[in-house]
Amino acid sequence: MTQPAAGETGAGRRFLINVIGAVGLVFGFLPMLRYLLELELFDFTVAPYEWLELEGAARLLPPAIVLITCLVVAYLLERGAPRA
């Protein structure tokens, strides 16, 4: 039985999918959680959005866009990933 070549394992693609998922969680889900529950623990996650100076429900739009974009990109990469 032959071993797959280094480029055929899909480890790089899997790592990229995991990094995109982590970005979606840190800069998408956690900021929305911070805004909804007023948790000061997650203040570092809203730093990229502070300059927009949004108020009310509009504060949730940028993190939601990041989360949805990360989900779509990770899904598209997963569909093209080789099956292990």
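The values are calculated or read from the model by the stated rules, or taken from the named source; none is laboratory data. In this text the structure is predicted, and so the values were computed from the model without any measurement. All Cβ positions, glycine included, derive from the backbone under ideal geometry; neighbour counts span all protein chains shown. For the accessible areas, the whole protein counts, side chains as well, though only heavy atoms, and no ligand, DNA or RNA atoms are used. Shrake-Rupley method; radii C 1.70, N 1.55, O 1.52, S 1.80 Å.
For the reader, a short list of remarks on this structure follows.
- Among the candidates Leu67, Leu60, residue that is surrounded by 12 or more Cβ atoms within 10 Å (Cβ to Cβ), in contact (Cβ under 8 Å) with a residue 24 or more places away in the chain and within 19 Å of Val19 (Cβ to Cβ): Leu67
- Filtered residues of the range 15-40 (kept if outside any helix (DSSP H, G or I) and surrounded by fewer than 12 Cβ atoms within 10 Å (Cβ to Cβ)): Glu38
- Pairs, first free of Cβ contacts under 8 Å to residues at least 40 places away in the same chain in the range 15-42, second assigned to a loop (DSSP other than H, G, I, E, B) and open to solvent by 50 Å² or more (accessible area, probe 1.4 Å), C-beta under 7 Å, six or more apart: Leu33/Leu39
- Candidate set from the range 8-56 (those that are among the small types (Gly, Ala, Ser) and at pLDDT 90 or above); member that is nearest to Leu77 (Cα to Cα): Gly21
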